[in-house]
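A.B. asks: Quick one: the structure is below, questions incoming.
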Amino acid sequence: MVASELDEKLLIETAQRDPRHFAELYRMHFDRVYAYVSRRVATRFDAQDLTAEVFQQALANLRRFEWRGVPFAAWLYRIAANAVTDHHHRTVRDQNVPPSPEPEREEVERAERRASLYRAVRGLPADQRRVIEMRFAQDRTIAEIARELGRSEGAVKQLQFRALGGLRARLDQDDA
């Protein structure tokens with residue numbers, strides 16, 4: 001068993017004995033579950049709501065989880081896939097969309113990449129992070145960001161350039 005697997009197994013066993021320790025599992029896996037769910041629902045609100053539901057179900061059923069050498073994230077992905085399927089059944093009953101209860105490998109890899117990106121953005125200096133969030137998550141222009149931050153457009157472009165360079169380096173480092 002690899003050290004990280006052993007650490008995860010011990011963390012799960014600790015959380016099974018004392019649910020207060022579930023918070024660490026939540027922190028470790030939130031980004032990847034949110035990324036997985038957000039690709040499958042229409043709104044950010046639904047993604048947040050379903051991600052919360054996934055972790056509530058995981059906590060409620062943690063005592064029944066059995067370590068079988070499969071990463072804890074796989075169990076969370078299964079819960080997430082079921083939550084998304086249930087969500088679609090509740091909201092789009094009239095459409096004939098066949099749900100996929102098991103995440104495909106490619107979908108899981110995309111969710112992992114998005115989770116890495118979320119972590120990398122959170123690790124940026126505050127000014128750079130704010131520019132990236134405003135530019136790409138809020139789809140704002142350089143001029144709008146400059147006005148809101150009280151900076152020149154050149155300064156905002158420089159912050160964006162540095163942030164993108166930092167993100168590229170972090171993501172390349174993660175891939176290595």
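A.B. asks: Any chance the stretch 31-45 includes a residue that's surrounded by 15 or more Cβ atoms within 10 Å (Cβ to Cβ), among the acidic types (Asp, Glu), closer than 18 Å to THR85 by Cβ and assigned by TED's automatic domain parsing to the domain that holds ARG110?
C.D. replies: So far as the stretch 31-45 goes, no, none of its residues is surrounded by 15 or more Cβ atoms within 10 Å (Cβ to Cβ), among the acidic types (Asp, Glu), closer than 18 Å to THR85 by Cβ and assigned by TED's automatic domain parsing to the domain that holds ARG110.
A.B. asks: Still on this structure, I have one more. If I ask for residues that are out of contact with any Asp or Glu (no Cβ under 7 Å at 6 or more places or on another chain) and of a type outside the set (Gly, Ala, Ser), which ones from the stretch 21-35 would you list?
C.D. replies: Once the filter is applied, which keeps residues that are out of contact with any Asp or Glu (no Cβ under 7 Å at 6 or more places or on another chain) and of a type outside the set (Gly, Ala, Ser), the stretch 21-35 yields HIS21, PHE22, GLU24, LEU25, TYR26, ARG27, MET28, HIS29, PHE30, ASP31, VAL33, TYR34.
A.B. asks: OK, next. Can you tell me which residue among ARG64, ARG27, ARG68 is under 22 Å from ALA120 (Cβ atoms) and free of Cβ contacts under 8 Å to residues at least 12 places away in the same chain?
C.D. replies: Sole residue among the options that is under 22 Å from ALA120 (Cβ atoms) and free of Cβ contacts under 8 Å to residues at least 12 places away in the same chain: ARG27.
A.B. asks: Is it true that some residue in the stretch 37-45 is within 18 Å of the chain's Cα centre (by Cα) and more than 20 Å from HIS89 (Cβ to Cβ)?
C.D. replies: yes
A.B. asks: Yes or no: the stretch 48-66 includes at least one residue that is hydroxyl-bearing (Ser, Thr, Tyr) and over 16 Å from VAL108 (Cβ atoms).
C.D. replies: No - not one qualifying residue is present in the stretch 48-66.
Every residue, every condition in (1) over 22 Å from ARG119 (Cβ atoms); (2) among the hydrophobic types (A, V, I, L, M, F, W, C); (3) in contact with a Leu (Cβ under 6 Å, 6 or more places away or on another chain), yes or no:
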{"residue": "ARG40", "(1), (2), (3)": "no, no, no"}
{"residue": "LEU50", "(1), (2), (3)": "no, yes, no"}
{"residue": "ARG64", "(1), (2), (3)": "yes, no, no"}
{"residue": "ARG68", "(1), (2), (3)": "yes, no, no"}
{"residue": "TRP75", "(1), (2), (3)": "no, yes, no"}
{"residue": "ILE79", "(1), (2), (3)": "no, yes, no"}
{"residue": "THR85", "(1), (2), (3)": "yes, no, no"}
{"residue": "ARG90", "(1), (2), (3)": "yes, no, no"}
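A.B. asks: Find the residue count for the stretch 34-60, including only residues that are closer than 21 Å to ARG17 by Cβ, in contact (Cβ under 8 Å) with a residue 12 or more places away in the chain and of a type outside the set (Phe, Trp, Tyr).
C.D. replies: Residues flagged as closer than 21 Å to ARG17 by Cβ, in contact (Cβ under 8 Å) with a residue 12 or more places away in the chain and of a type outside the set (Phe, Trp, Tyr) within the stretch 34-60 amount to 3.
A.B. asks: Within the stretch 61-141, which helices (runs of 4 or more DSSP H) (wholly inside it) include 3 or more residues that are at pLDDT below 80 and surrounded by fewer than 17 Cβ atoms within 10 Å (Cβ to Cβ)?
C.D. replies: Those helices (runs of 4 or more DSSP H) span 105-122.
A.B. asks: Out of (1) within 20 Å of VAL108 (Cβ to Cβ); (2) in a loop (DSSP other than H, G, I, E, B), the odd one out for ASP31 is which?
C.D. replies: (2) is the only condition that ASP31 fails.
The values are calculated or read from the model by the stated rules, or taken from the named source; none is laboratory data. These figures come from a predicted structure and were not determined experimentally. Here Cβ is always computed from backbone atoms with ideal geometry, including for glycine, and neighbour counts include all displayed protein chains.
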